[in-house]
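Reviewing the structure listed below.
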Amino acid sequence: MEVSGRTGLLGLIGTPVGHSGSPAMYNYSFELLDMDYKYLAFDIKLDEVANAISAIKTFKMKGANVTMPCKGAVCEYMDELSPAARIIGACNTIVNENGKLTGHITDGQGYVRNLKENGVDVKGKKLTIMGAGGAATAIQVQCALDGAREISIFNKKDDFFQRAEKTVEDIKKEVPNCIVNLYDLDDTEKLYSEISDSDILTNATIVGMKPYENDTNILDTNVFRKDLVVTDVVYNPIKTTMILEAEKAGCKVIGGKGMLLYQGVEAFKLFTGKDMPVKEVKAKYFAE
Ligand code: NAD
């Protein structure tokens, strides 16, 4: 569809954004659905957030995705926040409805949806989740909101550990039915004993990501039982060392690429009310 006087604008704000796959994924979807929208990436630094939000309103943009380092800073400009965005204090999706801005965070929804598409429901399950950064926090909060029975969080005693302590307090307050625990990732005995009665194990740390693709947080592969679902948020490489070892041990494994796709699918639905043409987008941009 050619750009017209009525073409609606969507975009991505944050920095850097030059490497982002979002413009291609969204514009391809608009083309397939014959929708009169274009999606562009805007390099926005933290001190430019207020101007960027004002531009979203002025240009009557349908909305925007938000990436680092702006995910937290945009929250104060929202008229409303989704439950997960409010608890986490971060947004990756802003929807503009006639000047009213609502902030959402779809990373955790993308994780849960990716599991669902692979036949795994987090409802009623116990998860052991390694990590306390942006991806981990979004997953932990969303799994609690979506009915996980228990979540055991493991993180190194680094700067992120405090964030995990806050996540634990937030989940206890907002989702009191979900049992949530926090342990030191270096306490491997505790890690392995928590995994032994978990349904799902998730790596949401940077371990396993290029150039550390030979690393894994799970050094004892005996923890990989056949009925344990092993998931990783790392998508580069597509199969991390942890995923490869779990797969070899007969576990059901789910990598991080689907989470990346489905956080976009969830945002697309929020922006347009329509379903992204997942099959085509997956085939073109997410082939594994
Ligand atoms: P972050 O910087 O916010 O968090 C980093 C996490 O890694 C923290 O928990 C930190 O404690 C942990 N960590 C760092 N070094 C470690 C080490 N040596 N041993 C153990 N833990 C260590 O990062 P993030 O944005 O949460 O991203 C984490 C990973 O998730 C990255 O690989 C990123 O590419 C991936 N990610 C994937 C998706 C997706 O859609 N699949 C989305 C976001 C992030």
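The values are calculated or read from the model by the stated rules, or taken from the named source; none is laboratory data. What you see is a predicted model; the values in this text were computed from it and never measured. All Cβ positions, glycine included, derive from the backbone under ideal geometry; neighbour counts span all protein chains shown. Only protein heavy atoms, including side chains, enter the accessible area calculation; ligands, DNA and RNA are left aside. Shrake-Rupley method; radii C 1.70, N 1.55, O 1.52, S 1.80 Å.
Worth a mention:
- Filter pass, Ile218 being within 14 Å of Lys125 (Cβ to Cβ), within 16 Å of the ligand (Cβ to nearest atom), open to solvent by less than 70 Å² (accessible area, probe 1.4 Å) and of a type in the set (A, V, I, L, M, F, W, C): no
- For Leu101, the criteria (1) free of Cβ contacts under 8 Å to residues at least 40 places away in the same chain; (2) within 28 Å of Phe268 (Cα to Cα) hold in every case but one, which is (1).
- The residues of segment 85-131 that are among the basic types (Lys, Arg) and closer than 23 Å to Gly63 by Cα, listed by number, are Arg86, Lys100, Arg113.
- Identity of the residue in segment 240-287, of a type in the set (Ser, Thr, Tyr) and within 22 Å of Thr205 (Cα to Cα), that ends up surrounded by the fewest Cβ atoms within 10 Å (Cβ to Cβ): Thr241
- Residue check, Ser22 small (Gly, Ala, Ser), touching a residue at least 40 places away in the same chain (Cβ under 8 Å), out of contact with any Lys or Arg (no Cβ under 6 Å at 6 or more places or on another chain) and buried (at least 18 other Cβ atoms within 10 Å of the Cβ): yes
- For Leu185, the criteria (1) within 17 Å of the chain's Cα centre (by Cα); (2) within 9 Å of the ligand (Cβ to nearest atom); (3) buried (at least 17 other Cβ atoms within 10 Å of the Cβ) hold in every case but one, which is (1).
- Within the set Ile105, Ile129, the sole residue that is over 14 Å from Asp184 (Cα atoms), crowded, with 19+ Cβ neighbours inside 10 Å and within 14 Å of the chain's Cα centre (by Cα) turns out to be Ile105.
- Failed item, numbered, when Val120 is tested on (1) open to solvent by less than 20 Å² (accessible area, probe 1.4 Å); (2) within 12 Å of the ligand (Cβ to nearest atom): (2)
- Strands (runs of 3 or more DSSP E) completely within segment 63-135 that count 3 or more residues being not aliphatic (A, V, I, L, M): 93-97, 100-104
- Any chance Ser82 is surrounded by fewer than 24 Cβ atoms within 10 Å (Cβ to Cβ), at pLDDT 95 or above, within 15 Å of the chain's Cα centre (by Cα) and not charged (D, E, K, R): yes
- Test: residue in segment 227-235 that is under 21 Å from Ala24 (Cβ atoms), touching a helix residue (DSSP H, G or I) at 6+ places or on another chain (Cβ under 9 Å) and either of a type in the set (Ser, Thr, Tyr) or at pLDDT 95 or above (or both): yes
- Residue count, segment 136-152 (criterion: open to solvent by 10 Å² or more (accessible area, probe 1.4 Å), part of a helix (DSSP H, G or I) and not aliphatic (A, V, I, L, M)): 1
- Only one of the numbered conditions (1) under 25 Å from Ala132 (Cα atoms); (2) part of a loop (DSSP other than H, G, I, E, B); (3) open to solvent by less than 20 Å² (accessible area, probe 1.4 Å) is not met by Tyr235, and that is (3).
- For Gly208, the stated conditions hold: it is within 24 Å of Glu117 (Cβ to Cβ), surrounded by 15 or more Cβ atoms within 10 Å (Cβ to Cβ) and within 11 Å of the ligand (Cβ to nearest atom).
- Neighbours by Cβ (under 7 Å, 6+ apart or cross-chain): first from segment 251-263, without any contact (Cβ under 8 Å) to a residue 40 or more places away in the chain; second open to solvent by 30 Å² or more (accessible area, probe 1.4 Å) and in a loop (DSSP other than H, G, I, E, B): Cys251/Lys226; Gly255/Tyr235; Gly255/Ile238; Gly255/Lys239; Gly256/Tyr235; Lys257/Tyr235; Lys257/Ile238; Lys257/Glu288
- Residues being in contact (Cβ under 8 Å) with a residue 60 or more places away in the chain, farther than 19 Å from Arg113 by Cβ and more than 9 Å from the ligand (Cβ to nearest atom) - total across segment 127-153: 1
- If the condition is being more than 9 Å from the ligand (Cβ to nearest atom) and either among the charged types (D, E, K, R) or assigned to a helix (DSSP H, G or I) (or both), then segment 238-263 contributes Lys239, Thr241, Met242, Ile243, Leu244, Glu245, Ala246, Glu247, Lys248, Lys252.
- The number of residues in segment 159-180 being within 11 Å of the ligand (Cβ to nearest atom) and assigned to a loop (DSSP other than H, G, I, E, B) comes to 2.
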